[in-house]
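The values are calculated or read from the model by the stated rules, or taken from the named source; none is laboratory data. Keep in mind that this is a model prediction, so the values were computed, not measured. With ideal geometry, Cβ positions are generated from the backbone for all residues, glycine too; neighbour counts draw on all protein chains shown. Ligands, DNA and RNA are stripped out before the accessible areas are found, and what is left, the full protein with its side chains, is counted by its heavy atoms. Shrake-Rupley method; radii C 1.70, N 1.55, O 1.52, S 1.80 Å.
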Amino acid sequence: MNARAPSTFDNGTFPAATSAAWLTVDLGALVENWRLLSSAVAPARSAAVVKADAYGLGATPVVRALLAAGCREFFVALVDEGVRLLDELGPGWPADARLHVLHGALPGAERDCVARGLVPVLNSLDQIQRWQTLARDQGRALPAAIQFDTGMARLGLAPLDAAALAEAPQRLEGIQPTLIISHLASAEEPDNALNAQQLQRFSVLRALWPHALGSLANSSGIFLGSAFHFDLARPGAALYGVAPMAGRFNPMRPVVRVQARLIQWRDIAPRDAVGYNHTWRAERPSRIATVSVGYADGYLRSASNRACLRLGGAVLPVIGRVSMDTVTVDATGVPADRLEPGTPLDVIDDVHDINALAEEAGTNAYEILTSLGARYQRRYLTP
Ligand SMILES: *Cc1c(COP(=O)(O)O)cnc(C)c1O
């Protein structure tokens with residue numbers, strides 16, 4: 001699963017002289033974040049959502065670290081993600097851990113789910129019926145989570161289908177419902193009335209299957225209060241340092257650091273322009289530094305003329321268009337002896353983190369994380 005995350009544990013050299021940009025994942029900070037979320041929801045428990053290769057950070061090292069910390073409930077989006085993760089973990093996957101598949105099994109994938117012990121999240125009467133058919137074939141009850149749509153209209157049983165299921169319990173014969181889940185559409189906005197509405201709808205549905213566990217809160221949902229916690233929280237983003245509440249203090253520790261090397265610099269005259277399509281023009285004599293990171297590394301083009309890199313304490317604004325492999329920054333005032341070729345600049349660090357970069361690039365930190373490219377040399381700091 002971390003095919004795009006070559007481990008650098010072995011070679012001892014980090015960053016390699018040949019690495020132009022590198023990414024550090026602090027698994028200790030990740031584990032601390034999981035512990036913080038776990039204590040926030042206690043006595044409920046906290047799962048970990050590791051879909052999309054753990055939001056781009058490498059599902060295998062992330063899951064290993066969380067298993068060691070005691071996490072036992074995990075969620076991926078796809079059957080394929082689950083299978084690859086289990087293949088990579090091998091005997092490192094404990095028998096008492098559970099791997100849920102948020103999209104459920106698409107037609108034809110049910111047997112692979114059972115064979116690998118993946119627990120599907122059943123999202124429709126159709127998925128329920130196919131899971132039931134398989135349970136009959138196998139002559140045993142098969143565990144599954146069931147998702148209800150309480151106001152997002154994305155995944156899960158629509159209200160009419162939920163009613164149909166409640167009225168016809170035989171539809172679940174042969175299925176052992178382990179988890180009743182729903183997903184919040186605006187949880188990062190604590191004042192949004194949708195939160196209370198979804199909570200109310202979920203509470204009604206959840207009560208229909210009292211023997212299953214209830215699970216509603218994603219990262220942000222955890223911070224809406226204990227009414228949202230039920231039995232199991234499902235944080236993803238906050239584990240990786242994403243701020244759970246828009247515009248409020250971020251209690252999560254940063255997990256990701258990205259650095260990239262300076263390639264060259266030049267001094268330009270007033271009226272000289274920089275980069276593709278000349279979207280930035282100097283108003284004064286300026287020093288321009290070119291750094292080895294670009295949109296092929298997930299440094300989004302929308303960061304053009306908006307974001308910044310850091311060199312020591314200095315903030316160097318991104319000027320001109322972000323290119324595929326490079327970005328240009330305004331280094332006016334930085335002395336030449338601090339701009340040696342090969343000098344590392346901070347692209348994402350603890351001060352200017354994924355949340356700050358997301359704001360500058362006009363997106364959310366989820367997209368910053370999942371865009372992180374395959375070209376970085378990667379290092380995992382173990383707890
Ligand atoms: C992605 C996802 C989560 C995790 O959400 P975060 O906002 O990253 O914490 C939880 N539940 C479902 C159904 C999801 O799709």
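Taking all protein chains as present, what is the carbon and sulfur share of the accessible area of the chain, in % to the nearest whole number, probe 1.4 Å? Carbon and sulfur atoms account for 52 percent of the accessible area of the chain. Beta bridges per DSSP, both residues in the chain: antiparallel share near 50 percent. Relative to one another, the C-alpha centroids of the stretch 198-224 and the stretch 301-331 are positioned 43 Å apart. The angle between the Cα long axis of helix 27-41 and the longest principal axis of the Cα atoms of the chain comes to about 40 degrees, rounded to the nearest 10.
Using C-alpha pairs below 8 Å separated by at least 6 residues, the relative contact order for the chain is 20 percent. In terms of its C-alpha gyration tensor, the stretch 256-381 comes out prolate, because a/c is 1.5 or above and the ratio a/b outweighs b/c.
Amide hydrogen proximity for Leu316: with H placed 1.01 Å from N in the peptide plane, the residues at 5 or more positions away or on another chain lying under 5 Å are Leu309, Arg310, Leu311.
Sorting 95-103, 253-261, 303-311 by average packing, meaning the other beta carbons within 10 Å per residue, from highest down gives 253-261, 303-311, 95-103.
Evaluated with a Cβ-only charge set (Lys, Arg +1; Asp, Glu -1), the chain carries a dipole of roughly 180 debye about its Cα centre, given to the nearest 20.
Which residues does the label zone of Ile263 cover in the stretch 311-334, counting backbone N under 20 Å from a point 7 Å along Cα→Cβ? Correct set: 311, 316-332. Counting only alpha carbon atoms, the long axis of helix 79-89 and the longest principal axis of the chain meet at about 70°.
When each of the peptides 156-168, 172-184 is scored by how many other beta carbons lie within 10 Å of its residues on average, the order from highest to lowest is 172-184, 156-168. Backbone geometry of the stretch 214-228 corresponds, through the Karplus equation with coefficients 6.51, -1.76 and 1.60 at θ = phi - 60°, to 3J(HN,Hα) couplings of x, 8, 10, 7, 8, 3, 5, x, 4, 8, 8, x, 5, 4, 8 Hz, x marking Gly and Pro.
Along the Cα→Cβ direction, 7 angstrom out, place labels at Ser302 and Phe249. What is the inter-label distance in nm? Going by the 7 Å Cα→Cβ label model, 3.0 nm.
Each Cα pair under 8 Å and six or more residues apart adds its separation to the average, and for the stretch 256-381 the resulting relative contact order is 30 percent. Think of the chain as having a plus end and a minus end, set by charges on the Cβ of Lys, Arg, Asp and Glu; of Val76, Pro317, Tyr366, Pro317 sits farthest toward the positive end of this dipole. Of the peptides 78-86, 15-23, the ranking by mean beta-carbon count within 10 Å, highest at the top, reads 78-86, 15-23. Restricting the calculation to Cα atoms, the stretch 73-118 yields a radius of gyration followed by a Dmax of 9.9, 29 Å. Mean sequence separation of contacting Cα pairs (under 8 Å, at least six apart), scaled by the length of the stretch 127-202, corresponds to a relative contact order of 35 percent.
Length available on full extension from Ala95 to Glu189: 0.36 nm per residue minus the Cα-Cα distance, which gives 30.1 nm. Amide H contacts for Arg45 (H built 1.01 Å from N in the peptide plane; partners 5 or more residues away or on another chain; cut-off under 5 Å): Leu232, Ala233.
All C-alpha pair distances within the chain, sorted into 20 Å bins from zero, spread as 27, 49, 21, 3 percent across the bins. Between Leu381 and Arg72, the modelled labels are 3.1 nm apart [label points 7 Å from Cα along Cα→Cβ].
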